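The structure appears below as structure tokens.
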Amino acid sequence: MLSKTTAASSEEARPAIEILPGQVEGPLSFPLLFGNARPVELEIGCGKGRFLLDQAAGRADANFLGLEWSLKYLRIARERAERRGLTNVRLLRADARHVIADLIPDASIARVHVYCPDPWPKKRHHKRRFFGPATARHLERVLAPGGYLHVSTDVRDYFEEIRRLLAEHSGLFEAGDPLFPIERMEGKTSYEVKYLQAGRTIDRASYARGGASGPLSRSPG
């Protein structure tokens, strides 16, 4: 059994999973944030962490940053990551559009995952949607050459809008990724599982940034 002093030292040595307010003032330094130079994958709207944590647990060769606006959900994801002893996960509560535009350095992300983002169905609220012309340009900017963007939604008109925005405002092109999508339920987010079980259709698209061939990170084994 660890002594109280040893246990306290172990807790202090464990990297902080949640990035607290005030800790980020400018562009993120992923080598400093994670303590290594492994490829970084970003999930927009990670919720309680179903997808993000499963990926982090199975792929120690990559780091994972989850963005979530709901503090309640983010704290649940953090507690789950801590219980699983995951050291390659960081969580940040922030507006995803702000993070993409102002905090992510150029060509620093291996994969961006955006699954079932809030569609803001009322027309007067469409300006609140994650995807827009500026975001499309920034998604291309933050992806490393050869990096991938993965998108899903259960709202067909939003899906078509996303495809149009990416075609008109970015140089990303549709391309297959050897790791994604994962067809089994274990590889899906909580919302995707919920919607599929309810019989909804989920549309998906994968995009790549040119400049390199092959995926930036591979699954172990």
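Report, by residue number, each residue of the stretch 62-78 that is out of contact with any Pro (no Cβ under 6 Å at 6 or more places or on another chain) and not in a helix (DSSP H, G or I). Even if it seems obvious, please write down each step before you answer.
Filtering the stretch 62-78 down to residues out of contact with any Pro (no Cβ under 6 Å at 6 or more places or on another chain) leaves 63-78.
Of everything in the stretch 62-78, those that are out of contact with any Pro (no Cβ under 6 Å at 6 or more places or on another chain) and not in a helix (DSSP H, G or I) turn out to be ASN63, PHE64, LEU65, GLY66, LEU67, GLU68, TRP69, SER70.
Determine whether ALA7 is over 18 Å from the mean Cα position of the chain (by Cα), assigned to a helix (DSSP H, G or I) and either of a type outside the set (D, E, K, R) or modelled with pLDDT of 90 or more (or both). Please lay out each step first, then the result.
Details: over 18 Å from the mean Cα position of the chain (by Cα): yes; assigned to a helix (DSSP H, G or I): yes; either of a type outside the set (D, E, K, R) or modelled with pLDDT of 90 or more (or both): yes.
Criteria met by ALA7.
Do any residues in the stretch 119-134 that are outside any helix (DSSP H, G or I) have Cβ atoms under 6 Å from those of residues that are of a type in the set (Gly, Ala, Ser) and surrounded by 11 or more Cβ atoms within 10 Å (Cβ to Cβ), where the two are at least six apart or on different chains, and which pairs are they? Pairs found: PHE130/ALA96. Could you list all residues from the stretch 124-175 that are under 19 Å from the mean Cα position of the chain (by Cα), among the small types (Gly, Ala, Ser) and farther than 24 Å from LEU28 by Cα? Those that are under 19 Å from the mean Cα position of the chain (by Cα), among the small types (Gly, Ala, Ser) and farther than 24 Å from LEU28 by Cα: SER152, ALA175. Selection of first residues in the stretch 23-40 that are more than 16 Å from ILE100 (Cα to Cα) and touching a residue at least 24 places away in the same chain (Cβ under 8 Å) and of second residues that are surrounded by 12 or more Cβ atoms within 10 Å (Cβ to Cβ) and among the hydrophobic types (A, V, I, L, M, F, W, C), restricted to Cβ pairs under 8 Å at least 6 apart or on distinct chains, gives the following pairs, ordered by first then second residue: LEU33/ILE19; LEU33/LEU65; PHE34/VAL40; ARG38/ALA62; PRO39/ALA62; PRO39/ALA110; PRO39/ALA144; PRO39/LEU216.
Looking at this structure, is ARG124 out of contact with any Leu (no Cβ under 7 Å at 6 or more places or on another chain) and loosely packed, with under 14 Cβ neighbours inside 10 Å?
Details: out of contact with any Leu (no Cβ under 7 Å at 6 or more places or on another chain): yes; loosely packed, with under 14 Cβ neighbours inside 10 Å: yes.
Yes.
The values are calculated or read from the model by the stated rules, or taken from the named source; none is laboratory data. No experiment lies behind these values; they were computed from the predicted model shown. Here the Cβ is made from the backbone with ideal geometry for all residues, glycine too, and neighbour counts use every protein chain on show.
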